[in-house]
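No value in this document is a laboratory result; all are computed from the given coordinates. Source: prediction; values computed, not measured. No Cβ is skipped: glycine too gets one built from the backbone with ideal geometry, and neighbour counts run over all protein chains shown.
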Amino acid sequence: MKYLLTLLALVGSVFAEEVLAYPRAYWENSVKVWFWVAVIIYIIVAVPSIYFALKYRYRKGEHEEGEHIEGNTALEIVWTVIPTIIVLFLGTYSFANFVKQRNAPEGAMEIKVVAFMWGWEFEYPNGKKVYAFFNQEGYTAPEEQKAYIPAGKPVKVYLTSRDVIHSFFVHPAKITEDAVPGRITRLWFQINKPGEYFVFCREYCGTWHSRMFAILKVVPEEEFNKWLGEGQATEQTPQQVAQ
């Protein structure tokens, strides 16, 4: 019992880690649950199997026949019911997390993101736009090309593309969605810790695919509101940006 309590405490400490971003936390929790269920099942099955394989292995000179067992109804019920319960639990838990991953919470801030070769156009609710694209100095960006995001607030993104298929991958949130010409796709994320984070394209889209990134500048909500209320970022067409 002492060892079981220790194991549960260790598992609890893993789940109690500070959440950097959503929906990353949801699928990570699903992975952890599946992992520990698999470990426990392996221990329950493998340890007795190894024990009995060693204990009742063939030994030269021993020819005594063991008792012939026809079956055990209670045991068959147990090994049918318990796996069924486990499968139902895993399926229900994983589906619940999937629903939370796909559906933005109430009150999420909505922004539009348009992909183009090779950059991103962010449009905020008040019409303010930011163009994020590669520059010759490397994986950095001037301040006017950073997309500001409020810390601790869910953000719902409406995606589309002007040319080919791209994929909007928010690295800290571990969420991605294709940006498809002529279609609107959606995803949401929430980053809780202020800082600068990357958005990458995860769909091969052409020569500069590897350089197609944006920097999300996550700041406290008061600072974000102040930034949002300031003047528009330098207006550029996607063609000018691409050049």
Give Lys156/Lys226; Lys193/Lys217; Lys128/Lys174; Lys156/Lys217; Lys129/Lys174; Lys100/Lys174 a once-over and call out the pairs whose C-alpha atoms are over 22 Å from each other.
-> Lys128/Lys174; Lys129/Lys174
Quick one: putting +1 on the C-beta of Lys and Arg, -1 on the C-beta of Asp and Glu, what dipole do you get for region 66-181 around its Cα centre, in Debye to the nearest 20?
-> 560 debye
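So how much slack lies between Glu223 and Tyr93, counting 0.36 nm per residue of separation and subtracting their Cα-Cα distance, in nm?
Working: separation 130, 0.36 × 130 = 46.80 nm, distance 3.71 nm.
Working it through step by step, the gained length comes to 43.1 nm.
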With the calculation restricted to Cα positions, what are the radius of gyration and Dmax of region 153-210 in angstrom?
-> 12.0, 35
Rounded to a whole number, what is D in µm²/s for region 30-132 from Stokes-Einstein with the Kirkwood radius over alpha-carbon pairs (25 °C, 0.890 mPa s)?
-> 122 µm²/s
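Counting other C-beta atoms within 10 Å, and keeping those with at most 13, which DSSP coil GluC sites (Glu not before Pro) do you find in region 85-158? Before the final figure, lay out each step's value.
Numbers: sites: Glu106, Glu110, Glu121, Glu123, Glu137, Glu143, Glu144; in loops: Glu106, Glu137.
Passing sites in region 85-158 are Glu106, Glu137.
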Trypsin sites (Lys or Arg not before Pro) in region 144-186 lying in a DSSP loop, each with at most 16 other Cβ atoms within 10 Å of its Cβ, come to Arg162, Arg183
